[in-house]
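See structure below.
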Amino acid sequence: MGSPQKPPLAHLFKGTFVHASRSSPMTVLHGHLLGVGDDGRIVFLEQADQQEQLAKKWGFKASDIRELSNHEFFMPGMVDTHIHAPQYAFAGSRIDLPLLEWLNTYTFPTEVKYKDNDFAEEVYTRVVRRTLKNGTTTACYFATIHTAASLLLAEIIDKFGQRAFVGKVCMDLNEFVPEYKESTDESVKETERFVRELLEKKYQKVQPIVTPRFGPSCTEELLSRLGDFAKAHDIHVQTVMAHGCHLSDEELKLFSLRGAAIAHCPSSNFMLCSGILNIQNVLKHNVKIGLGTDVAGGYSASMLDAIRKSMSASTVFQINKVNETGLTLKEAFRLATLGGSQVLGLDAVIGNFEVGKEFDALLINPKASDSPFDLFAADTFEDIIQKFLYLGDDRNINEVYVAGKQVVPFSSSV
């Protein structure tokens, strides 16, 4: 009897692959072959000189291989650990006030509008398109207090093929915009309904997340009941405690002990005068940390902006001689990919190109016809990667894959 037949390959790429691991913030693999199975998982990543043996094992021909150009590379999809989908409606504007004034003046009055599903559909469609186009393959979204619109967001995400957590916001306190809150009982009941109805949809890559907004908008009773519900049903929890700018060493020790994670959102921390996170201190305490855009407190929906702002935030502590060293660009790259997957508890599934993980990936073309930066003959490949991370944008992201399925360029059906 012959050996059992291997499943066919959905994709077979040859070229350069750039990713991070726990031991290395960035590894550049030139001249490698990567195979993706029909289930969207990576089945091999080997040096190209293994092609003959791999072809025998997996039954492919040389003509099946898609070869990247010398300057192109694949990197893992980026993970936005903290983004407010409804606030995308005013992203890039209205960032002239500190956090609490900003919430009461702009944010809550905008989020009230999401009781209208037509309004919600337009904004949610645009934010999912925009984030995917900018290389966010996984996002952790806050929605609003409205269950129907929150379920609509999940449906739109599934339609576009993005990977996501979606949270119906919970808040039973709001003295400034009284019409934008729920009773404690209603908040718990609607969260239970949201979670139940979302799970009934059986979306492959969209999951619910329990979402108490933050301390000042939630009573202790609401926080306690939501915590009990999340624990009983083994569901993730997110809250705006996420930023963590002012956590003490004792609190960071508690974060590490509990396995809690921080979504570092440097853009909104700067723009809303919230503070600056000492990321080196967080890493020293062995706390899981990733990056977030925090749209619309952060004005850009691009995770490349989060990478750049994280570098600036880290430099502040160097300038002020709090830290001897700052974050390196390679470390920021790891935070935006593998770090984010660890924050969301998805690092066994995504985050890099390890065999067995799902192929969430970006095909980067630094020589795109309308690229926002230039390459020169003297540039090394490391220079090219750095130029993309500092200067690149969606014009350099030719293709986006989630679980092995190409989701950008968009199909005509979305």
Legend entry - CYS218 vs. criteria in contact (Cβ under 8 Å) with a residue 24 or more places away in the chain, touching a strand residue (DSSP E or B) at 6+ places or on another chain (Cβ under 6 Å) and either farther than 30 Å from LEU391 by Cβ or open to solvent by 40 Å² or more (accessible area, probe 1.4 Å) (or both): yes
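Quick check: anything in segment 392-406 in a loop (DSSP other than H, G, I, E, B), open to solvent by 40 Å² or more (accessible area, probe 1.4 Å) and without any contact (Cβ under 8 Å) to a residue 12 or more places away in the chain?
No, that holds for no residue.
Residues THR239, THR191: which one is closer than 20 Å to ALA139 by Cα and in contact with a Pro (Cβ under 6 Å, 6 or more places away or on another chain)? First the steps, then the outcome.
Working: THR191 fails: in contact with a Pro (Cβ under 6 Å, 6 or more places away or on another chain).
Going through THR239, THR191 in turn, just one is closer than 20 Å to ALA139 by Cα and in contact with a Pro (Cβ under 6 Å, 6 or more places away or on another chain): THR239.
With respect to ARG126, is the statement that it is surrounded by 24 or more Cβ atoms within 10 Å (Cβ to Cβ) and basic (Lys, Arg) true?
no
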Inset, instruction - Return the residue satisfying two criteria in turn: it lies in segment 280-305 and is in contact with a His (Cβ under 8 Å, 6 or more places away or on another chain) and closer than 17 Å to THR138 by Cβ, and of such residues it is surrounded by the fewest Cβ atoms within 10 Å (Cβ to Cβ). - result: ILE289
Legend entry - Top-ranked residue in segment 306-353 [being in a helix (DSSP H, G or I) and without any contact (Cβ under 8 Å) to a residue 24 or more places away in the chain; ranked as nearest to HIS82 (Cα to Cα)]: MET311
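To keep it simple, each residue is scored yes or no on (1) closer than 24 Å to LEU103 by Cβ; (2) under 24 Å from the mean Cα position of the chain (by Cα).
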site: VAL177; (1), (2): yes, no
site: SER183; (1), (2): yes, no
site: THR191; (1), (2): yes, yes
site: VAL195; (1), (2): no, yes
site: LYS205; (1), (2): no, yes
site: THR211; (1), (2): yes, yes
site: SER217; (1), (2): yes, no
Inset, instruction - Could you name every one of the helices (runs of 4 or more DSSP H) located completely within segment 229-286 that has at least 3 residues being among the hydrophobic types (A, V, I, L, M, F, W, C) and modelled with pLDDT under 95? - result: none
Inset, instruction - Would you check if ASP80 is touching a strand residue (DSSP E or B) at 6+ places or on another chain (Cβ under 9 Å), of a type in the set (D, E, K, R) and surrounded by 22 or more Cβ atoms within 10 Å (Cβ to Cβ)? - result: yes
Legend entry - Failed condition for PHE60, given (1) crowded, with 20+ Cβ neighbours inside 10 Å; (2) of a type in the set (Phe, Trp, Tyr); (3) without any contact (Cβ under 8 Å) to a residue 60 or more places away in the chain: (1)
Legend entry - From the options PHE44, PHE17, residue that is open to solvent by less than 20 Å² (accessible area, probe 1.4 Å) and under 26 Å from LEU291 (Cβ atoms): PHE17
Inset, instruction - Return a yes/no flag: does segment 140-156 have any residue that is open to solvent by 10 Å² or more (accessible area, probe 1.4 Å), within 25 Å of SER310 (Cβ to Cβ) and touching a helix residue (DSSP H, G or I) at 6+ places or on another chain (Cβ under 7 Å). - result: no
Inset, instruction - Can you work out which of the residues in segment 163-198 that are assigned to a helix (DSSP H, G or I) and of a type in the set (D, E, K, R) is nearest to LEU222 (Cα to Cα)? - result: ASP185
Legend entry - When residues of segment 335-378 are limited to those that are hydrophobic (A, V, I, L, M, F, W, C) and closer than 17 Å to LYS133 by Cβ, the one surrounded by the fewest Cβ atoms within 10 Å (Cβ to Cβ): ALA368
Inset, instruction - Restrict the check to segment 374-381 and report whether at least one residue is touching a residue at least 40 places away in the same chain (Cβ under 8 Å) and more than 23 Å from PHE13 (Cα to Cα). - result: yes
Inset, instruction - Check off (1) over 24 Å from GLN87 (Cα atoms); (2) open to solvent by less than 70 Å² (accessible area, probe 1.4 Å); (3) among the basic types (Lys, Arg) for ARG225 and give me the number that stays unchecked. - result: (2)
Legend entry - So ASP383, is it modelled with pLDDT of 95 or more, acidic (Asp, Glu) and either open to solvent by 40 Å² or more (accessible area, probe 1.4 Å) or under 16 Å from LEU304 (Cα atoms) (or both): yes
Inset, instruction - Mind telling me which of the residues LYS159, LYS168, LYS133, LYS202 ends up being touching a strand residue (DSSP E or B) at 6+ places or on another chain (Cβ under 9 Å), within 28 Å of ASP347 (Cβ to Cβ), surrounded by fewer than 22 Cβ atoms within 10 Å (Cβ to Cβ) and of a type in the set (D, E, K, R)? - result: LYS133
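Going through segment 228-239 one residue at a time, which ones are without any contact (Cβ under 8 Å) to a residue 60 or more places away in the chain and open to solvent by 20 Å² or more (accessible area, probe 1.4 Å)?
ASP228, PHE229, LYS231, ALA232, HIS233, ASP234, ILE235, VAL237, THR239
The values are calculated or read from the model by the stated rules, or taken from the named source; none is laboratory data. Bear in mind the structure is a predicted one, so any value in this text is a computation, not a measurement. Note: ideal-geometry Cβ built from the backbone for every residue, glycine included; neighbour counts use all protein chains shown. We work out accessible area using only protein heavy atoms, side chains counted, and drop any ligands, DNA or RNA first. Shrake-Rupley method; radii C 1.70, N 1.55, O 1.52, S 1.80 Å.
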